[in-house]
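Presented below is the structure to which this report refers.
Coordinate-derived values only; no laboratory data. A quick note: this is a predicted structure, and the numbers were derived from the prediction, not measured. Don't worry about glycine lacking a Cβ; one is built from the backbone with ideal geometry, like all the others, and counts go over all protein chains shown.
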Amino acid sequence: MGYFSIRIQTKVEFYEKIAIPLLTGISSLLVLIEPNAGSHFWGDFCFIPILLAGLRYGLPCSLLSTLIPAAYLLIVGETGWLQMIILDLLIPAGISAIFYKPTYRGRYVSIPLRNGVIISVLFFMIHVANQFASDWKIHFDLLSDMLFQFCFVAATLSVLIGMINDDSRSWMTRRKLEMQANQDGLTKLPNLRSFMNIARNAVWDDTMSILMIDIDNFKNYNDTLGHLQGDVLLREVGYVLKNAIGSKDYIARYGGEEFIVLCHTRDNGALRKLAGNLCSSVSNQPFPHREVQPGQCITISVGISASCSSALEIQDLIAEADAALYLSKTTGKNKYSFYTELSSA
């Protein structure tokens with residue numbers, strides 16, 4: 001159950017402040033309610049889920065995890081309840097938190113297995129010191145129990161940490177596959193498939209616009225310098241465009257030397273400013289070998305279509321933007337045109 005609490009997927013705030021401490025505390029409580037009869041185990045291993053929570057999520061989470069089992073011990077009034085709360089709940093929460101790192105919260109960094117062994121060693125030393133302080137001597141039977149417990153805790157933590165790391169690796173593999181399915185391999189921008197999924201959901205917003213972008217005279221650049229240099233130019237232009245759009249805009253590679261932008265505005269002034277910024281950002285960029293191009297610089301042409309109705313299909317918007325792009329290409333290049341200009345013409 002403690003391992004299950006680590007794997008829960010939900011909103012981060014609820015996940016760390018409520019779900020993890022709640023399930024960790026319940027798992028510790030279940031061990032306390034059903035103790036291992038006749039043993040001298042340290043709280044019957046009720047501290048293991050707390051160790052795991054502290055290692056993965058830090059001191060606040062591990063301390064919150066102790067509330068349920070501590071409340072149970074307090075209500076039941078079992079002999080030595082205060083010592084159990086301190087030794088078997090609070091100290092494990094503090095020890096494990098020493099090895100906590102913020103990167104463990106996500107699934108991008110594996111937890112070293114040695115942390116489980118080191119935590120077990122520290123926990124063993126604290127219990128031996130406590131026993132020695134109370135009796136001034138340690139009985140062989142008790143010491144053998146403690147050594148067994150140390151081995152059990154070290155093995156259990158190592159297994160649980162290994163399970164968490166394995167789960168993280170599986171999650172990372174799925175994430176990489178998802179990114180590859182939605183990412184253009186050359187420019188590392190979203191691909192058309194990813195763009196269309198987002199655009200179809202946004203098309204009902206009547207403040208949406210589409211910008212189609214084409215690199216001017218790209219065939220000349222490609223034929224003169226070769227396809228490898230052409231690929232380099234595509235990557236660099238994509239990078240410039242990505243940094244030139246607004247924070248709420250979405251850009252993808254459409255195909256070939258074309259890019260497409262989803263913009264959440266229909267305001268002509270804002271669209272003119274955006275398109276002008278895109279054109280100037282590319283033309284002012286000192287791309288390598290730009291001297292082979294007309295005007296000795298790399299330029300783009302832009303076509304713009306703004307939705308006038310929520311009933312308009314995304315394919316219609318793209319077709320309009322493509323027609324406006326053709327107008328820009330045939331009337332001088334290195335410029336932007338609106339579909340309404342073509343309609344008027």
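Can you work out the base-10 log of I(q)/I(0) for the range 177-317 at q = 0.19, 0.21 1/Å, using the Debye formula on its C-alpha atoms alone?
-1.10, -1.27
Out of residues 5 or more away from Tyr254 or on other chains, whose amide H comes under 5 Å of its own, with H placed 1.01 Å from N in the peptide plane?
Answer set, sorted by chain and number: Phe259, Ile260.
Give the long-range amide H neighbours of Tyr336: residues separated by 5 or more places, or on another chain, with amide H under 5 Å away, using H modelled in the peptide plane at 1.01 Å from N.
Amide H to amide H, under 5 Å and 5 or more residues apart or across chains, Tyr336 pairs with Val302.
Rounded to the nearest 0.05, what FRET efficiency is calculated for Gln296 and Arg266 with R0 set to 45 Å and r the Cβ-Cβ distance?
Details: r = 36 Å, r/R0 = 0.80.
Computed FRET efficiency for Gln296 and Arg266 comes out at 0.80.
Let me know the shape class of the range 62-140, please: from the alpha-carbon gyration tensor, a ≥ b ≥ c as square roots of the eigenvalues, rounded when a/c is under 1.5, otherwise prolate if a/b is greater than b/c, or oblate. Could you put the intermediate results ahead of the total?
Details: a/c = 3.71, a/b = 1.39, b/c = 2.67.
Taking the square roots of the gyration eigenvalues as a ≥ b ≥ c, the range 62-140 is oblate.
Would you kindly compute the Cα radius of gyration of the range 62-199 and its largest Cα-Cα separation (Dmax), both in Å?
22.7, 74
Can you order the peptides 126-132, 114-120 by their average number of other Cβ atoms within 10 Å per residue, highest first? Walk me through the intermediate numbers first.
Details: 126-132: 14.6, 114-120: 19.3.
In descending order of packing, they fall as 114-120, 126-132.
Can you list the HN-Hα couplings for the range 187-193, worked out from phi with the Karplus curve (6.51, -1.76, 1.60; θ = phi - 60°), rounded to whole Hz and with x for Gly and Pro?
Result, rounded to whole Hz: 8, 6, 7, x, 8, 5, 4.
How large is log10 I(q)/I(0) at q = 0.16, 0.19, 0.21, 0.23 Å⁻¹ when the Debye formula is applied to the Cα atoms of the range 151-232, each weighted equally and without solvent?
Values, matching the q order: -0.86, -0.98, -1.04, -1.08.
Run the numbers for Asn284 and Cys151: contour at 0.36 nm per residue of separation, minus the present Cα-Cα distance, in nm. Display every interim value, and only then the final one.
Numbers: separation 133, 0.36 × 133 = 47.88 nm, distance 6.60 nm.
Gain on stretching Asn284 to Cys151: 41.3 nm.
Give me the base-10 log of I(q)/I(0) for the range 189-245 at each q in 0.12, 0.18, 0.23, 0.31 Å⁻¹, Debye formula, one uniform scatterer per Cα, rounded to two decimals.
-0.41, -0.78, -1.00, -1.23
FRET efficiency for Ala181 and Glu78, Cβ-Cβ distance as r, R0 = 45 Å, nearest 0.05?
With R0 = 45 Å, the Cβ-Cβ based efficiency is 0.20.
So, by mean Cβ neighbours within 10 angstrom, what's the order for 144-151, 182-189, 65-72 with the highest one leading? Don't jump to the answer; show the numbers that get you there.
On the way: 144-151: 15.0, 182-189: 16.5, 65-72: 21.2.
Per-residue Cβ counts within 10 Å, averaged per peptide and sorted highest first, yield 65-72, 182-189, 144-151.
Put a dot 7 Å past each Cα toward the Cβ at Asn201 and Lys273; how far apart are the dots in nm?
It works out to 2.7 nm between the two label points.
Share of Cα-Cα pairs in the chain beyond 34 Å, in percent?
Working: 30123 of 59340 pairs.
Value for the chain: 51 percent of Cα pairs lie more than 34 Å apart.
Between Asn130 and Val109, what is 0.36 nm times their sequence separation minus the Cα-Cα distance? Round to one decimal in nm. Walk me through the intermediate numbers first.
Working: separation 21, 0.36 × 21 = 7.56 nm, distance 3.51 nm.
That works out to 4.0 nm of additional length.
If I fit a long axis through the Cα atoms of helix 314-330 and take the longest principal axis of the Cα atoms of the chain, what angle between them do I get, 0 to 90°, rounded to 10?
Helix 314-330 sits at roughly 50 degrees to that axis.
Computed FRET efficiency, Cβ-Cβ of Ser170 and Asn243, R0 45 Å: what is it to the nearest 0.05? Mind dumping the intermediate values first?
Values: r = 34 Å, r/R0 = 0.75.
Using R0 = 45 Å, I get an efficiency of 0.85.
Give me the extension gain from Val121 to Leu67: residue separation times 0.36 nm, minus the current Cα-Cα distance, reported in nm with one decimal.
On the way: separation 54, 0.36 × 54 = 19.44 nm, distance 2.48 nm.
Going from the current span to full extension adds 17.0 nm.
Across the chain, how many lysine pairs, 8 or more positions apart or on different chains, have C-alpha atoms separated by under 25 Å? Please give the number.
Qualifying lysine pairs in the chain: 24.
If you plug each phi of the range 282-298 into the Karplus form 6.51 cos²θ - 1.76 cosθ + 1.60 with θ = phi - 60°, what whole-Hz ³J(HN,Hα) values come out, in order, with x for Gly and Pro?
6, 5, 8, 7, x, 5, x, 6, 5, 5, 7, 8, x, x, 6, 8, 8
Compare Val76, Val237, Val282 in a GNM of the chain, Cα atoms joined below 10 Å, and give the one with the largest fluctuation.
Val76
Using a simple spin-label model with points 7 Å from Cα along the Cα→Cβ vector, what separation in nm is obtained for His227 and Ile18?
That separation, rounded to one decimal, is 5.6 nm.
Once both axes come from the Cα atoms, what is the angle between helix 20-33 and the longest principal axis of the chain, in degrees from 0 to 90, rounded to 10?
Its long axis makes an angle of about 20 degrees.
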